[in-house]
Amino acid sequence: MSKINLLPWREELRKQQLKEFGQLMAFFAIIAAGIIGLGHLYYVNLTEYHQNRNKFIADETLLLDKKIKEIEELEKEKQGLLDRMLAIEQLQGNRPLIVRLFDELITSLPDGVSVNSIAQNGNNITITGEAQSSARVASFMRTLETSKWLANPKLDVIQGTDTADMRISTFTLMFNQVIPTASEEEGGA
């Protein structure tokens with residue numbers, strides 16, 4: 001029995017095991033490569049999905065920015081129209097005040113006083129004119145003080161000039177126009 005050689009059988013078994021081990025390693029390498037490939041494919045698809053979402057969000061943001069600009073322009077246009085409507089309403093409401101102003105001026109103007117120009121800035125009115133004497137300008141101012149539509153007359157400048165047959169006083173007079181409230185208009189009109 002000592003002459004039985006078991007080496008070739010063991011060597012073949014080792015070769016067989018080594019071959020099976022190599023096949024098993026190749027199989028696991030293929031499986032691992034497949035798992036890595038699938039993982040890579042999954043993450044590529046996930047990245048592409050998020051990039052598409054980001055592009056969609058960026059595109060929608062641009063559209064919303066355009067709409068916001070349009071809305072801002074419409075708001076500016078709306079505010080301009082509201083300002084115009086307010087100005088028209090004020091003009092419509094102040095129309096009778098101009099008539100009342102001229103009516104009060106005509107009734108307050110004494111004989112011998114003439115008006116050359118009238119300037120209005122808000123409720124402040126400036127009149128330049130000529131009078132036959134300073135007393136007539138003072139009379140005009142007293143009449144303005146008693147008016148319920150005109151208030152606070154102030155004489156800015158009065159200058160006397162002599163002409164061939166009389167003395168003429170040129171004057172600048174400032175006063176305020178009283179804008180009545182709705183209840184005053186109903187009671188006073």
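Quick rundown of the values:
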{"quantity": "Dipole magnitude of the range 1-89, debye to nearest 20 (Cβ charges: Lys/Arg +1, Asp/Glu -1, about Cα centre)", "calculated": "1140"}
{"quantity": "Ascending count of other beta-carbon atoms within 10 Å, so fewest first, for 149, 9", "calculated": "9, 149"}
{"quantity": "Helix-only CD estimate at 222 nm, as mean residue ellipticity for the chain, using -39500 (n - 2.57) per DSSP H run (n ≥ 4)", "calculated": "-24000 deg cm²/dmol"}
{"quantity": "Distance in nm between pseudo-label sites at residue 81 and residue 142 (7 Å out along the Cβ direction from Cα)", "calculated": "5.6"}
{"quantity": "Dipole-positive endmost among 146, 133, 176 within the chain (Cβ charges, Cα centre)", "calculated": "176"}
{"quantity": "Under 24 Å between alpha carbons - lysine pairs in the chain that sit 8 or more apart or on different chains", "calculated": "9"}
{"quantity": "Nitroxide proxy distance, nm - points 7 Å out along Cα→Cβ at residue 52 and residue 176", "calculated": "7.3"}
{"quantity": "Whole-number D in µm²/s for the chain (Stokes-Einstein; Kirkwood sum over Cα pairs; 37 °C, 0.692 mPa s)", "calculated": "124"}
{"quantity": "Degrees, to the nearest 10: 134-146 long Cα axis against longest axis of the chain", "calculated": "50"}
{"quantity": "Compactness of the range 88-188 as Cα Rg over 2.2 N^0.38 Å, two decimals", "calculated": "1.18"}
{"quantity": "Cβ charges +1 (Lys, Arg) and -1 (Asp, Glu), total dipole of the range 88-188, debye", "calculated": "160"}
{"quantity": "Candidates per chymotrypsin sites (Phe, Trp or Tyr not before Pro) in the range 50-148, loop by DSSP, up to 15 other Cβ within 10 Å", "calculated": "none"}
{"quantity": "Mean separation of Cα contacts under 8 Å (6+ apart) over length of the range 88-188, as relative contact order %", "calculated": "26"}
{"quantity": "Only Lys, Arg (+1) and Asp, Glu (-1) charged, at Cβ; the chain dipole about Cα centre in debye", "calculated": "1760"}
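Just so you know, all these numbers are worked out from the coordinates, no wet-lab data involved. Bear in mind the structure is a predicted one, so any value in this text is a computation, not a measurement. Using ideal geometry, Cβ is built from the backbone for each residue, glycine included, and neighbour counts are taken over all protein chains shown.
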